[in-house]
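Inspection log for the structure reproduced underneath, given as structure tokens.
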Amino acid sequence: MSILTSLPVQTEAGEQAVGAVPSLGAFEVADTRSVVVVNRAINDDYCHLVLEADGPALSARAGQFFNLACPNTAADMPYLRRPMSVYRVSPAQRRVEFLYKVAGAGTRGLATLQPGDTLAILGPLGNGFTLDPRWKNIVVAGRGVGLATLAPLAEAAAEAGIGVTAILSARAKSLVMSAERFERIGARIAVVTDEDGTSDFANVERHLVTYVEAGQADAFFTCGSNRLMLLMKRLAARFNIAGQVALEQQMACGLGMCFCCVRNFETTGGPEQRRVCVEGPVFDLAEALTW
Amino acid sequence: MVDLQVRIGSLTLKNPVMPASGTFSEGLARVFSFDDLGALVTKTLTAELRGGNPTPRVAESGQGLLNSIGIPSKGIPYFIEHTLPEYRKSSTPLVVSVSAPTAELFAGAVRQLDVPDIAAIEANISCPNIEEDGKAFAMRASSTAAVVAELRRATALPLWVKLTPNTGDIGAVARAAEDRGADAIVVANTILAMAIDAETFKPRLGGIMGGFSGPAIKPIALRLVYQCAKVVGIPVIGCGGIATAEDAVEFMLAGATAVQVGTATFVRPTAMLDVVGDLAAFCDRKGIAKVSALTGALEDRGMQVDALEALP
Ligand SMILES: Cc1cc2nc3c(=O)[nH]c(=O)nc-3n(C[C@H](O)[C@H](O)[C@H](O)COP(=O)(O)OP(=O)(O)OC[C@H]3O[C@@H](n4cnc5c(N)ncnc54)[C@H](O)[C@@H]3O)c2cc1C
Ligand SMILES: Cc1cc2nc3c(=O)[nH]c(=O)nc-3n(C[C@H](O)[C@H](O)[C@H](O)COP(=O)(O)O)c2cc1C
Ligand code: FES
């Protein structure tokens, strides 16, 4: 095969960061040149980004992520890509969606994207959540943008006939994310907030124990809060329940090459370092550790 | 059709583009086929098991990246058993990068790599993260000579020696490597640097200092390649901030026979493929039949280096 036949699409000058390859059939990960359909703030903290894409990007599953080439702006020149979990994938509409919090240079750049702009998204990356067909009911508990990661999981569970109970935690009621997506699949929902004092450890623990005792927690899932993770890990061990957690760590390549995204885990064989981008970002709750 | 082949000693590469050690792994095979690259280069291996450095291990700074990854290594036997078979799936020559804290351990590690399907050894005598006080063999000509001599005795494979930009005497270090039997030199590794978070008063890397790479360092790496190519006869492989074919052309004009693409792959995973394709297009446009004709073709005759600015 000649080198030239397998070349990626040439990018226009000045568009280097968005250089993307058309999806090459045989490869499971692609640097897809997506097109912005919607990009708007949904509350004071978070933005919703809807992209049109094709190829492997459309096979992303709950818990997987993409590495986004955030655009440069007059104020910011983010150099590395930024990892974001998939919020929703609709293969029929050729859509991939993200929910992001504007935090720094990269996400400020994302927030400037307008419909019609292009964005290179590398993915799908990492291992998503897994659902055991023997489970009848799961409990998902997330906080902040972690709920964006759990929403597609809840939908996948519902589709597989698994009942979902969701604890949605946030600073304030106005910042609770994706409640309607959990409602639509008929999940039982508990909203807990710092504002009304319901998000404290003891209260969330009471909720979780109630679900377990009612036989409605065959597995725990969590994302977005160290404290929630520790709580669920402790209860999962006490009641012998399976659990999965989606973790974050700073990334560069997203493909397992640079070893910057390691975290510590406890395993039966002793402590171990794993790369969040390829060995995760979803891990066994029992082995996960905080910083 | 442009002839993209280049020769590094006894090795002929189908094109001059390869990854830089530590910025590439078999994981990239999920994105494209390695068959279109000139060579493959592994992350540096060490004989002993290593855990690497504390996090955060990377920080971006301008158009560049600081890293203090360290060299987390599962050891050479693990590499031979588990990683090498993955690379064997591609016909592209495999270069294995190695490092060790002493010349003797270094030679021992290289001896363990005398197995089929390894095309060359790249001795990383320049990693600034792990040598005591950040001092690497390649900081001085004498320590370079000593380790390269040991390595030459230890292996019959083509021996590439990767230098550090942190030395003040790159020419002497390059000559020492050549004198003691290196088949090529790779110029260069990351530049020792640091970054501080003004808000928190903390270093931005868990390892306080780290290696700087990416477009920000390109002019420095280019200068080093130029200086080395002037004083050695063996091939120079250029590395540092290369992200496009134009960058690669500049390094070849400065004297490089081939180039390595590192950090650019993190930002654009297909960067190496773009460099290969655009290099062919460049030569076509310039009416250059063989890419190897670019090596050292810089038009600097009759020009003088500014003696006040120039390092040895
Ligand atoms: C697998 C994964 C999935 C993620 N999914 C989402 C999501 O769906 N929505 C969302 O809003 N955020 C998500 N994050 C966090 C998101 O990547 C960071 O908020 C973002 O990188 C911040 O970049 P910045 O330039 O705006 O901020 P800055 O603070 O300027 O970033 C500086 C550096 O730190 C890194 N960084 C900062 N915060 C984080 C963090 N929490 N995790 C990892 N790296 C970080 C950045 O990538 C960058 O390299 C996810 C992170 C990971 C690892
Ligand atoms: C994350 C990271 C890890 C690296 N690991 C190694 C390594 O293990 N061995 C080595 O010789 N060089 C290593 N390097 C240096 C690169 O191979 C290269 O010399 C340097 O990054 C300059 O090239 P670039 O600007 O194209 O990245 C590493 C660089 C980075 C960014
Ligand atoms: S981000 Fe590079 S190894 Fe995980």
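Every read-out reported here was derived from the displayed coordinates using simple, explicitly stated rules and does not represent laboratory data. Just so you know, these numbers come straight off a predicted model, no measurement behind them. Please note: Cβ atoms are built from the backbone with ideal geometry, for glycine as well, and neighbour counts cover all protein chains shown.
For A:Ala214 and B:Lys74, a Förster radius of 45 Å and the Cβ-Cβ distance give a FRET efficiency of 0.50, rounded to the nearest 0.05. Measuring r between the beta carbons of A:Val102 and B:Asp114 and using R0 = 45 Å, the FRET efficiency lands at 0.25. Among B:Asp35, B:Asp169, the order by Cβ neighbours within 10 angstrom, fewest to most, reads B:Asp35, B:Asp169. Highest average first, the peptides A:213-219, A:261-267, A:226-232 ordered by how many other beta carbon atoms sit within 10 Å of their residues are A:226-232, A:261-267, A:213-219.
Modelled spin labels at A:Gln250 and A:Asp284, positioned 7 Å past Cα toward Cβ, are 3.0 nm from each other.
Remark: region B:117-123, residue by residue, has Karplus-estimated 3J(HN,Hα) of 6, 9, 8, 6, 10, 10, 7 Hz, where x stands for each Gly or Pro and the curve is 6.51 cos²θ - 1.76 cosθ + 1.60 at θ = phi - 60°. Amide H to amide H distances under 5 Å link B:Ile125 with B:Lys162, where only residues 5 or more positions off or on other chains count and H is placed in the peptide plane. Think of region B:228-312 as a dipole: +1 on every Lys or Arg Cβ, -1 on every Asp or Glu Cβ, centred on the Cα centre; then among B:Gly262, B:Ser292, B:Val305, B:Ser292 lies furthest on the positive end. Would region B:14-106 count as rounded, prolate or oblate if I go by the C-alpha gyration tensor, calling it rounded below 1.5 in a/c and otherwise prolate when a/b exceeds b/c, oblate otherwise? Note, shape of region B:14-106 comes out oblate. Of all DSSP bridge pairs formed entirely within chain B, close to 35 percent run antiparallel. In sequence order, region B:237-246 has phi-based couplings of 9, x, 7, x, x, 7, 10, 9, 4, 4 Hz under the Karplus curve 6.51 cos²θ - 1.76 cosθ + 1.60, θ = phi - 60°, and Gly or Pro positions carry x. Each residue, A:Gln273 and A:Asp194, gets one label point 7 Å from its Cα in the Cβ direction; the gap between the two is 3.2 nm.
Determine, from the Cβ-Cβ distance of B:Asp179 and A:Thr130 and an R0 of 60 Å, the FRET efficiency 1/(1 + (r/R0)^6), rounded to the nearest 0.05. Result of the calculation: an efficiency of 0.55.
A Cβ-based charge dipole, computed about the Cα centre of region A:23-125 with Lys and Arg at +1 and Asp and Glu at -1, lands at about 100 debye. For the protein assembly as shown, DSSP calls about 50 percent of its internal beta bridges antiparallel. Proximity of backbone amide H atoms, modeled 1.01 Å from N, is registered between B:Val261 and B:Met18, B:Ala20 at under 5 Å, excluding neighbours fewer than 5 places apart on the same chain.
With each label modelled as a point 7 angstrom along the Cα→C-beta vector, the B:Glu246-A:Asp54 pair spans 3.0 nm.
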